[in-house]
1. Determine whether I101 is at pLDDT 95 or above and touching a Phe, Trp or Tyr at 6+ places or on another chain (Cβ under 6 Å).
2. Looking at (1) loosely packed, with under 13 Cβ neighbours inside 10 Å; (2) touching a Phe, Trp or Tyr at 6+ places or on another chain (Cβ under 8 Å); (3) of a type outside the set (D, E, K, R), find the lone condition where N65 falls short.
3. Mind listing whichever residues of region 36-55 are at pLDDT 95 or above, surrounded by fewer than 20 Cβ atoms within 10 Å (Cβ to Cβ) and closer than 15 Å to T69 by Cα?
4. Please verify whether region 21-29 includes one or more residues that are at pLDDT 95 or above, outside any strand (DSSP E or B) and surrounded by 15 or more Cβ atoms within 10 Å (Cβ to Cβ).
5. What residue, of V98, V42, is among the aliphatic types (A, V, I, L, M) and part of a loop (DSSP other than H, G, I, E, B)?
6. With the structure loaded, tell me whether K88 is assigned to a strand (DSSP E or B) and loosely packed, with under 15 Cβ neighbours inside 10 Å or whether it fails that test.
7. Of everything in region 56-91, what is among the aliphatic types (A, V, I, L, M), in contact with a helix residue (DSSP H, G or I) (Cβ under 7 Å, 6 or more places away or on another chain) and either modelled with pLDDT under 95 or under 13 Å from C36 (Cα atoms) (or both)? Give them in sequence order.
8. Among the numbered conditions (1) more than 15 Å from the chain's Cα centre (by Cα); (2) more than 18 Å from Q25 (Cβ to Cβ), tell me where A104 comes up short.
Amino acid sequence: MQMKFLTPIAVLTLSAVAIFAQATQTITGTITDSMCGAHHMVKNATQCTRECVKQGSVYALASGNKVYTLKGDKEQFDKLAGQHVTIKGTTEGTTITVNSIKAAK
């Protein structure tokens, strides 16, 4: 009897978690790469980010103590590498699919 009641609740809870996990969010941070994250090996964050991406790393966003990998227009990410930006996009775990990006004020 209890299983019949718990199963629909579990399904609804998991569905709600999936919907909220993929909701559009606005996140502000710095364009970086997945290898260096918030701490670059050289002083020039822009140069370091671009070099790491050329070596196979992917663009990322460092925001607070989190680093998100970015999916989207790599040319835009390259243009804003090392800069403080505001991103609107869909998050799934630690990946953001970017809908829009602009320099933060």
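1. no
2. (2)
3. R50
4. No, region 21-29 has no match at all.
5. Testing whether each residue is among the aliphatic types (A, V, I, L, M) and part of a loop (DSSP other than H, G, I, E, B) leaves just V42.
6. So K88 fits the description; yes.
7. A81, the sole residue that qualifies.
8. So A104 meets the others, but not (2).
The values are calculated or read from the model by the stated rules, or taken from the named source; none is laboratory data. The model shown is predicted, which means the values in this text are computed figures rather than measured ones. No Cβ is skipped: glycine too gets one built from the backbone with ideal geometry, and neighbour counts run over all protein chains shown.
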